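Everything below concerns the one structure shown next.
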Amino acid sequence: MLVLGLETTCDETAAAIVRRSADGRGEILANEIASQTDAHSAYGGVVPEIAARAHVEVLDVLIERAMRTAGVDFPQLACIASAAGPGLIGGVLVGLTTAKTLSLVTGKPMIAVNHLEAHALTPRLTDHVAFPYLLLLVSGGHTQLVAVLGVGTYQRIGSTIDDAIGEAFDKVAKMLSLPYPGGPEVEREALKGNPERFDLPRPLIGRPQPDFSLSGLKTAVRVAADAIAPLSTTDVADLCASFQAAVVDTIVDRVRAGLRLFRERHGAPSALVVAGGVGSNQSIRRALQRFSASAGIRFVVPPPALCTDNGAMIAWAGAERFALGLSDDIDFAGRPRWPLDETAEPMLGGGRGGARV
Ligand code: KG4
Ligand code: ZN
């Protein structure tokens, strides 16, 4: 089964072709992406209007390139998938309308994919992970622990009560005058710094309920930075290293609590998997790898380019849904908010309840 997938929910425009075999294995035939980082960097964050316009300008070119790279023509496709939310609605509409148009023209079914579900299912594309598994979804808009029980069956185990982890990385970068997007910058600085210089809090550590809180840690970085301003390059590196160390400790502790809860509710998970942009952070990957080895659980994290937003994950989620006989109506409306677990209580603060990853 060959699927075209489109991603336009935030600041990456992407088109990909993925093949799903009858045995459920996946293969990426083309994965084209155009990042808009430069268009937004002067503003220190994503400007929705600029993003939507940039998607319109490049999406058709990326689709053409993906089809050519994969050596695939429209009649060979099983269906056409697009992320339909959660995300910036102007951008969502670009991908979704393109998918609907292609669907009408080619007569192929259209699949409206939840962007979070696409992150959640990526480890099945890359590593053929079986259900159920424990997912740590960590990105700019989301921080959640989710029990992935099947395609379309997700149970939220824990979530942030304030900032998302990627958001905290971005805010810390901004307060230290590092460029946007901040996550990779903070990681780069942290490599040069002393993680023990600043004694920063590890919020919620030790609590049985596997929720996250980042805003106190972020404020502690600000207080520490203000106390020693003006900052030298060593100060910036040490602050980044100390912040990242606190995040790593917090994540490991919260995942430990999440795994306990998962085992109580669902038995043994087949793996601990990480998805979302923060999953490309090497310190976090290493710490979770160590934790998983000690807990006796398989650890899976997609390569960094498949952790951050991409088209292959959308095509794959479309393939998984289509394989179950699912497709969507041509009048499917894009959704700015679209929680993975629709039964979970909305959480307070940014990034919870269905904002995008
Ligand atoms: O899933 P994603 O690509 O998309 C959105 O959330 O829109 O995640 C992006 C987030 C940003 O907050 C970014 O700063 C963070 O992931 N991020 C990182 C790293 N790479 C990206 N955070 C920490 N370390 C990294 N290496
Ligand atoms: Zn994302």
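The values are calculated or read from the model by the stated rules, or taken from the named source; none is laboratory data. Predicted model only: the values in this text are computed from it and were never measured. We place every Cβ from the backbone using ideal geometry, glycine too, and count neighbours over all the protein chains shown. Heads up: the accessible areas ignore ligands, DNA and RNA and are worked out on the full protein's heavy atoms, side chains in. Shrake-Rupley method; radii C 1.70, N 1.55, O 1.52, S 1.80 Å.
So here's what we get for this one:
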| quantity | calculated |
| --- | --- |
| Length added when fully stretched, His128-Asp60, from 0.36 nm per residue minus Cα-Cα | 21.4 nm |
| Rounded percent of accessible protein surface that carbon and sulfur make up, the chain, 1.4 Å probe | 53 |
| Cβ crowding within 10 Å averaged over residues, with 141-153, 211-223, 188-200 ranked highest first | 141-153, 211-223, 188-200 |
| Segment 1-69, accessible area per residue, ligands and nucleic acids excluded (1.4 Å, Å²) | 47 |
| The chain, helix-only ellipticity at 222 nm - DSSP H runs n ≥ 4, -39,500 (n - 2.57), divided by all residues, nearest 500 | -14500 deg cm²/dmol |
| Per-bin percent of Cα-Cα distances, segment 131-297 [10 Å] | 11, 41, 32, 13, 3, 0 |
| Gained length - Leu324 relative to Arg337, 0.36 nm times residue gap less alpha-carbon distance | 2.2 nm |
| Whole-number accessible area per residue in Å² for segment 131-297, which is evaluated in the context of all protein chains at 1.4 Å | 39 |
| Unit charges at the beta carbon, dipole of segment 300-344: most positive-side option, Gly325, Cys307, Thr343 | Cys307 |
| Three-way shape label, segment 254-345, alpha-carbon gyration tensor, a/c 1.5 | prolate |
| Net charge of neighbours whose Cβ lies under 11 Å from the Cβ of Glu32, counting Lys and Arg as +1 and Asp and Glu as -1 | -1 |
| Set of lysines near Lys171 by C-alpha distance (under 23 Å), chain-local residues within fewer than 8 positions excluded | Lys192, Lys218 |
| Contour excess over end-to-end distance, with Cα ends at Arg25 and Lys174 and 0.36 nm allotted per residue | 49.5 nm |
| Degrees between helix 233-266 axis and first principal axis of the chain (Cα, 0 to 90, nearest 10) | 60 |
